[in-house]
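Each remark here refers to the structure printed beneath this line.
No lab work stands behind these numbers, since they all come straight from the coordinates. Please read these numbers as outputs of a predicted model, since none were measured by experiment. Quick reminder, even Gly has a Cβ in these numbers, built from the backbone with ideal geometry, and neighbours come from all protein chains shown.
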Amino acid sequence: MNDLGRLEDLPPSYVEDLRALNLVPLWPSLRGVLPPKVPTRRTCATHWPYESLRPLLLKAGELTPIEKAERRVLVLANPGHGLEKMQASPAIYLGMQLLLPGEWAPSHRHTPNAVRMVVEGDGAYTTVDGHRLPMSRGDLILTPTGLWHEHGHDGTEPVVWLDVLDLPLVYYLEASYHLNGQRQAVKPGAAERRYARGGLLPSPGGRRSTDAYPMLRYPWTEARAALLSLAADLGDHDPVQLTYVNPETGGPVQNILGYHALMLRPGQVLALPVGSAAQVFHLIEGGVSVQVGEGPAGQAFTLAEADTCCAPGYTAVTLRNASIAEPAFLFVADEGPLHEKLGVGPLPPA
Ligand code: GTQ
């Protein structure tokens, strides 16, 4: 069964005749595209320590004015895909973006979906579809496909956030492009607070949103409090995990990538279920060790606050809170919604 014919087994003139007609024999490449038992993954488990990248990001602030960059970002690129591909996994792009006091990153919109996870600094804001959304550590801010967005900074210290986009997938689909725009008029009010509490929706007379993305900002204070109250109700070994959802549909906040907040109790060890989707972990608070894969091929990382790492799909991931006194809090991005929609997942055993 594994003894399929090789390209070299064929007469070169025959292969040339095929190529001239844009034809290729399948059998020499069949095992490559359908490998036995486990898919080939280019995605390497990779760790980006914040302490090492931060000075280089601040240096970018000295070297390149915002007007020359539009978005001043260092991309967290996975070496398994080739750095120039600027992807963390098949569908996930990660970037650390720096905005200095007084700077403005002009309005644009594009087909890929983005979110921001705020890493450090106060006083910045993102205006999305006319809503001016303040940015604080741990806040999740959505800039879904097609919506105008721009970033500004009224504070006094540098602000850094992690961008997560489905850019690699949308680019692969030959559907990635952008449009530039004017500075947005800010809409009055605070619509981003309309869905401020889980389980409570504005009544129809109370300005219930008809937007596809009714909630654009998920404050970390709310997510952290929700994790702590969930933990209080669960057993000591249960996973304490929340998914960021669209409050009108209950489904994932975006169509392609999924976003979650996870708490590890003091000393907790959590083996995540093995699925087909690649994952990204960003440590918001505490200290966590991450084991990606098992045996000699496995890799272990120690995440400090603001560190980011990724793991390919079909790979066991175990998280351990390094502290026996304090909880740890992680932001997780994955390709779950995409795989679910496509019906892609591990095959059931024979
Ligand atoms: O802030 O709009 O990291 O358009 C990559 C593309 C950030 C942004 C990125 C973008 C942005």
Identity of the residue in the stretch 136-154, away from the ligand (no atom under 11 Å from the Cβ) and among the hydrophobic types (A, V, I, L, M, F, W, C), that ends up farthest from residue 218 (Cα to Cα): 142
If a residue has to be of a type outside the set (Ser, Thr, Tyr) and under 24 Å from residue 256 (Cβ atoms) to count, how many in the stretch 131-159 make the cut? 15
Select the helices (runs of 4 or more DSSP H) contained entirely in the stretch 1-81, then report the ones holding at least 1 residues which are under 19 Å from residue 303 (Cβ atoms) and more than 16 Å from the ligand (Cβ to nearest atom). 50-63
Could you please find all residues in the stretch 280-289 being in contact (Cβ under 8 Å) with a residue 40 or more places away in the chain and touching a Leu at 6+ places or on another chain (Cβ under 8 Å)? 280, 281, 282, 283, 284, 286, 287, 288
The stretch 93-135, residues that are more than 9 Å from the ligand (Cβ to nearest atom) and among the hydroxyl-bearing types (Ser, Thr, Tyr): 107, 111, 125, 127
Residue hits (the stretch 119-133; free of Cβ contacts under 8 Å to residues at least 60 places away in the same chain and surrounded by fewer than 20 Cβ atoms within 10 Å (Cβ to Cβ)) are 122, 123, 130, 132
Among the residues of the stretch 109-123, is there at least one that is on the phi > 0 side of the Ramachandran plot, in contact with an Asp or Glu (Cβ under 7 Å, 6 or more places away or on another chain) and not in a strand (DSSP E or B)? yes
Within the stretch 308-317, the count of residues that are assigned to a strand (DSSP E or B) and not β-branched (Val, Ile, Thr) comes to 3
Within the stretch 155-166, restricting attention to residues that are within 12 Å of the ligand (Cβ to nearest atom) and of a type in the set (Asp, Glu), which residue is surrounded by the fewest Cβ atoms within 10 Å (Cβ to Cβ)? 163
Do any residues in the stretch 5-22 that are among the acidic types (Asp, Glu) have Cβ atoms under 9 Å from those of residues that are surrounded by fewer than 10 Cβ atoms within 10 Å (Cβ to Cβ), where the two are at least six apart or on different chains, and which pairs are they? 17/23
So, in the stretch 82-108, of the ones that are assigned to a loop (DSSP other than H, G, I, E, B), of a type outside the set (Ser, Thr, Tyr) and within 17 Å of the chain's Cα centre (by Cα), which residue ends up farthest from residue 183 (Cα to Cα)? 90
Residue list for the stretch 212-240, filter: touching a Leu at 6+ places or on another chain (Cβ under 8 Å) and in contact (Cβ under 8 Å) with a residue 40 or more places away in the chain: 213, 215, 216, 217, 218, 220, 223, 227
Is it the case, given these coordinates, that residue 179 is more than 30 Å from residue 322 (Cα to Cα), out of contact with any Ser or Thr (no Cβ under 8 Å at 6 or more places or on another chain) and part of a strand (DSSP E or B)? yes
Quick check on this structure: which one of 326, 340, 305 is touching a Pro at 6+ places or on another chain (Cβ under 7 Å), among the acidic types (Asp, Glu) and either surrounded by fewer than 21 Cβ atoms within 10 Å (Cβ to Cβ) or in a helix (DSSP H, G or I) (or both)? 326
Does residue 85 meet the test of being touching a residue at least 60 places away in the same chain (Cβ under 8 Å) and of a type outside the set (Asp, Glu)? yes
Members of the stretch 190-203 found to be closer than 17 Å to residue 218 by Cα and part of a loop (DSSP other than H, G, I, E, B), listed by number: 190, 194, 195, 196, 197, 198, 199, 200, 201, 202
Please tell me if residue 169 is within 15 Å of the chain's Cα centre (by Cα), buried (at least 21 other Cβ atoms within 10 Å of the Cβ) and away from the ligand (no atom under 13 Å from the Cβ). yes
